[in-house]
1. In Å, what Kirkwood hydrodynamic radius results for the chain from the alpha-carbon pair distances?
2. For A112 and N183, FRET efficiency with R0 = 30 Å and r from the beta-carbon atoms, rounded to 0.05?
3. Step through the residues of the range 131-144 one at a time and calculate ³J(HN,Hα) from phi using the Karplus curve (6.51 cos²θ - 1.76 cosθ + 1.60, θ = phi - 60°), rounding each to whole Hz and writing x for Gly and Pro.
4. What nm value, rounded to one decimal, do you get for the distance between S196 and A28 when each label is placed 7 Å out toward the C-beta?
5. Under a crude label model (7 Å from the Cα following the beta-carbon direction), how far is N122 from I205 in nanometres?
6. Taking a point 7 angstrom from the Cα of L38 along the C-beta vector, which residues in the range 102-139 have backbone N less than 11 Å away?
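No value in this document is a laboratory result; all are computed from the given coordinates. Since the model is a prediction, treat every value here as computed from it, not as a measurement. Backbone-built Cβ (ideal geometry, glycine too); neighbour counts: all protein chains shown.
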Amino acid sequence: MSHPGQGQTNELLKVDASGRLLFQTIAAPVTVASGTSLNPDYNTVGEAVDAGATRMNVIGDTFEVSGVFSPDTLIIELQNSATWDLGAHTMGSANKIDVRGNGAIRYTQTVADTPAFSSSVNLDGIDIVNASTAICPLVAAVGYDVASCDFTGDCVIAGSGGLMNSFSITGDLIVTTLASGCNVQHVNMTGTPVDSGVNTVLSNIRFG
């Protein structure tokens, strides 16, 4: 027997720990930018996460000062062509992170195989700048999605079950030995592919 539930437009249907269906209010987004000129709610994504925020709009260039980990699912929207600079820090969550919008993620890892994201993530329609001085992946996690992104620098792939689709790369495409069961397709690139992964599919790659 079914029972029609009714929620509000600002609510999301979820399943709690006991398997019960319930409506949960979708949190209003907070604003994030480093510096005070844009009057953001928080200076970094890390500050917003520590305060319990789960939805945030990065409205100006933002520089993380430490690693970030959230116990919740995060929705992050880059706005105004802002750059979210993780530096040599890693972003993670107990649940999936969703990043989309008009802007860029930049990371500058210095220790080989250290990822920008250590948990499952959806990245959609943003620029990604890999300025690392070592071979460091964007994501090292299970079941992540990267679609319609432009990479500056090398695109380094690790983790398992990653789906990467319809993007461009100015550097090399490097599938590391830490990658398994990843699928990479519809890529324009100026560099060369190096595939050291296991059960990895590379298809429809155009050079130049």
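1. Values: mean 1/r = 0.0559 Å⁻¹.
Result for the chain stands at 17.9 Å.
2. On the way: r = 24 Å, r/R0 = 0.80.
Efficiency computed from Cβ-Cβ geometry: 0.80.
3. In residue order, the calculated couplings are 9, 5, 9, 10, 7, 10, x, 5, 9, 10, 7, 9, x, 10 Hz.
4. Once both label points are built, they end up 5.0 nm from each other.
5. 2.7 nm
6. 102-104
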